[in-house]
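Here the structure comes first, spelled out in structure tokens, and everything after it is commentary.
The values are calculated or read from the model by the stated rules, or taken from the named source; none is laboratory data. Predicted, not measured: the structure shown is a model, and the values here were computed from it. Don't worry about glycine lacking a Cβ; one is built from the backbone with ideal geometry, like all the others, and counts go over all protein chains shown.
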Amino acid sequence: MDNKTAKHEQLFREAPVWKAIAALAVPSLLSILVMIFYNLADTFFIAQLGDTAKVAAVSIVSPVFSIIMALGTMLGVGAGTLLSIAFGAGETDKAKNTASLCFYSGVVLSVLLTVLLLCFSAPLLRFLGTQPEMWEDAETYLRVLALGTVFMIGSHTLASLIRSEGAVREGLRGYMAGTVTNIVLDPVFILVFRWGVAGAAVATVLGNIVSTLLYLLHIRRHATVVSLDPKRALSGVAALGQILALGVPNAVSTLLSGFASTFSNQLLSTHGTDAIAAMSAAGKSSMLISMVQMGICMGIQPLLAYNYGARDYGRLKEALRKTALLTVLVGLGAAALCFGFRSWVIGLFLKEAGVAALGERLILWLIAGSPFLGFVYLSTNYLQATKKASAAILVSLLRQGLLLIPLLYVFHWLFGLTGIASAHLATDIGAAALAMIVFAVHYQRMRRETV
């Protein structure tokens, strides 16, 4: 074993569990927060032009951006899980084959997606609800993003791969470099060069190019088990199904979140624009809390997968127990802060007193279930780390799909506007309970198989 491999393995195998959790979770958490700022940057600087149609154009295309990111995350998380398991089991060749397969699958997927987006941009924009006054800007934004798809998917897959072999800081540096590039170039292209929406799209693509190049440079110089040798991709092509299956839960969660928001807005629209605005402002807090917990659990997934592959079930159990405690404490603390400062939080997004007051009433329902959300994300990542793809997909479907969407309609019928908000609380508690049942069943099965 060379020094580089030993250094990365030490974190997974020998470092105190709390230290390993911190080393993995904090960069992942920062990456999640960076991604949020990344997505907000374009809209913020476009808004400085004072043209509502341009802001709407960026917003209308944002689901496409989310889908591209979801596909990159799907490949990266799926391959990263298999890589960590193989790494822990000492199967270096298998880990290298998986990494190469992930990278070149991402390239092929990016090319196909680019062609589809360019060829079918008009019907896609109509489906998204693009109005005539924003059509030109929306089409420009979509086409530039389409041309940069290979770098947007590439940056996500490569980041997941190098984190899975223990190079956590390098993964964070790539995210930070790409985000800083985007934020610096946005005002230059949009406000100075007056490129408008096109400038925002170009800045986004250039940010992803910077991240991708940094990851490629790291892999060439310092990678331990990540390989981009195309011959290895052909050798490991049989694992593609497993990569997709293990990565699907993350993609499903992202896509269902968009569908749930659509159904929620349809119900809220029956109570007027103020209700939509109030729920949107209140939802920012719950979204931030859930993404923090998701970042923690995604960050420690390589630790779980490595120790599963190494058959170190004592360390795996300790990591699960301590991460569960951490997510509960984070959820409690964040919910308490959001509720205590709810007037200030809502005031960031709403200025009209009546609408802000409504947002303050709704926020309690949305954050009350926050302490339990960590169980949903931890269960999902544990099931992915132990190659239980179907169970992981089931848990991912629970919160935003199988429970939330029907409960929105039932609770709205029973309790009106308050019912829409309380449906989120019922969903969070129900999803956490069911997720823990699925987790317990598979964990006990793993223990019996070990014995």
Residue ranges of helices (runs of 4 or more DSSP H) in the range 349-451 with at least 1 members among the acidic types (Asp, Glu) and more than 30 Å from GLY76 (Cβ to Cβ): 353-367
Enumeration of residues in the range 140-176 that are surrounded by fewer than 24 Cβ atoms within 10 Å (Cβ to Cβ), at pLDDT 90 or above and within 30 Å of THR92 (Cβ to Cβ): VAL150, PHE151
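Yes/no per residue for (1) free of Cβ contacts under 8 Å to residues at least 24 places away in the same chain; (2) farther than 30 Å from GLY80 by Cα:
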position: VAL330; (1), (2): no, no
position: LEU337; (1), (2): yes, yes
position: GLY354; (1), (2): no, yes
position: LEU362; (1), (2): no, yes
position: TRP365; (1), (2): no, yes
position: LYS387; (1), (2): no, no
position: LEU394; (1), (2): no, no
position: VAL410; (1), (2): yes, yes
Residue match in the range 273-282 (condition: touching a Leu at 6+ places or on another chain (Cβ under 7 Å) and either modelled with pLDDT of 80 or more or not assigned by TED's automatic domain parsing to the domain that holds TYR382 (or both)): no
Residue under evaluation ARG445, criteria (1) surrounded by fewer than 14 Cβ atoms within 10 Å (Cβ to Cβ); (2) charged (D, E, K, R); (3) more than 21 Å from TYR308 (Cα to Cα), criterion not met: (3)
Checking ARG311 against (1) under 20 Å from LYS388 (Cβ atoms); (2) in a helix (DSSP H, G or I), the condition it does not meet: (2)
GLU352, sole failed condition from (1) modelled with pLDDT of 85 or more; (2) under 20 Å from ALA281 (Cβ atoms); (3) not small (Gly, Ala, Ser): (1)
Candidate set from the range 92-140 (those that are in contact (Cβ under 8 Å) with a residue 40 or more places away in the chain and not in a helix (DSSP H, G or I)); member that is farthest from LEU244 (Cα to Cα): GLN131
